[in-house]
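To keep things clear, I will list the structure first and then write my remarks on it.
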Amino acid sequence: MELIGLHGFRQDGRHCDELRKINCKLGVLPQADGSAVFEVGNTKVMAAVYGPHEPSSVLRHKVPHDRALLNCVFSMATFSTTERKKRPTGDKRSQSFSINLKQAFDSVVLTHLYPRSQIDLYVQVTQSDGANYAACINAATLAFIDACIPMKDYVSACTASIVDEKGVLDVSYLEESQGCPVLTLALLPRSEEIVVTDMNARLHLDHLPNMLDFAMKGCKDIFSVMESATRAHVNSKS
């Protein structure tokens, strides 16, 4: 399948450096301490944060004495893809995503402010159309902000790829399914510190700088949308 046409347009009508439409909203689950929905194109993710609270009996032995334990649980709704999932949680891919989310936010959330406590993050993909991991990171960031849990900075994430020797931004499922190498990058936008890099396939080293530049641009553009949504949410509560 030709992913980029003669006039430089992708299959969904975007330019190579163009993001899909983004919608995000904070405070969507009143029963959670913090929650958010993040949508990019047809990918939709919901995140909820509970805590800090007393450690559960199951995880009490893992809680360090000088900081909070961050417990992350990732799942995909059984209806989120065209292939019906029998197990929305507990499979190897979900466990891997949970570990990756924990590693990403352990370095950003100021857990030392809540010693001997537990913070729970639940992230669910309700609709999948590419860039799932990046969308999960963005949704989780907004949920932490809604829960008023201090962080070093926003964490904004985006994907990039190389198609026909051209860099493309915010990779859709159609593009992912064609076997293109996809880089997922998560960034602290103010300091430009990289907290996550994930590559799903081999890539020639010559292409890496171009992909990194594309992904960093996407992260900063997404950060602008997330910051605007946060300000709108704060203003609506005041």
Do any trypsin sites (Lys or Arg not before Pro) in segment 193-238 lie in a loop, going by DSSP, with at most 16 other beta-carbon atoms within 10 Å of their beta carbon, and if so which?
Arg202
Given charges at Cβ of Lys, Arg, Asp, Glu: the chain dipole, positive-most of Gln31, Leu205, Phe105:
Gln31
What residue among Phe79, Cys219, Gln178 has its Cα farthest toward the positive end of the dipole of segment 22-237, where the charges are +1 on Lys, Arg and -1 on Asp, Glu, each on the Cβ?
Phe79
Please return the longest range in the chain lying between exposed loop sites, taking GluC sites (Glu not before Pro), DSSP loop only, at most 12 other beta-carbon atoms within 10 Å, and leaving the sites out.
84-164
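To the nearest 500 deg cm²/dmol, what mean residue ellipticity at 222 nm is calculated for the chain from DSSP H runs of n ≥ 4 alone, each contributing -39,500 (n - 2.57), summed and divided by the residues? Intermediate values should be presented prior to the final figure.
On the way: 4 runs with 64 residues, N = 238.
One gets -9000 deg cm²/dmol as the mean residue ellipticity at 222 nm.
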Quick check: the angle from helix 208-237's long axis to the longest principal axis of the chain, C-alpha only, nearest 10 degrees?
50 degrees
Residues whose built amide H sits under 5 Å from the amide H of Ser156, excluding neighbours closer than 5 in sequence, are Leu187
Stretched out fully, how many nm does the piece from Asn210 to Glu227 gain, at 0.36 nm a residue minus the Cα gap?
3.5 nm
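As an exercise, use a Förster radius of 45 Å and the Cβ-Cβ distance of His15 and Arg93 to find the FRET efficiency, rounded to the nearest 0.05. List each step's numbers first, then the result.
Working: r = 31 Å, r/R0 = 0.70.
Using R0 = 45 Å, I get an efficiency of 0.90.
Hey, which of these cross-link pairs are over 22 Å Cα-Cα: Lys217/Lys237; Lys166/Lys220; Lys62/Lys102? Don't skip to the answer; put the middle values down first.
On the way: Lys217/Lys237 31 Å; Lys166/Lys220 20 Å; Lys62/Lys102 14 Å.
Those over the limit are Lys217/Lys237.
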Once phi is turned into θ = phi - 60°, what whole-Hz ³J(HN,Hα) does the Karplus curve with 6.51, -1.76 and 1.60 give for every residue of segment 31-48, x standing for Gly and Pro?
7, 8, 6, x, 7, 6, 10, 10, 10, 10, x, 9, 8, 10, 10, 10, 10, 9
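Kirkwood Rh, Cα Rg: Rg to Rh for the chain?
Numbers: Rg = 17.9 Å, Rh = 18.3 Å.
With Rh from the inverse mean 1/r over Cα pairs, Rg/Rh is 0.98.
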By how many degrees, between 0 and 90 and to the nearest 10, does the Cα long axis of helix 132-146 differ from the longest principal axis of the chain?
40 degrees
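Bear in mind these aren't lab numbers, they're just calculated from the coordinates by the rules spelled out. Predicted, not measured: the structure shown is a model, and the values here were computed from it. All Cβ positions, even for glycine, are placed from backbone atoms using ideal geometry, and neighbour counts span all protein chains on display.
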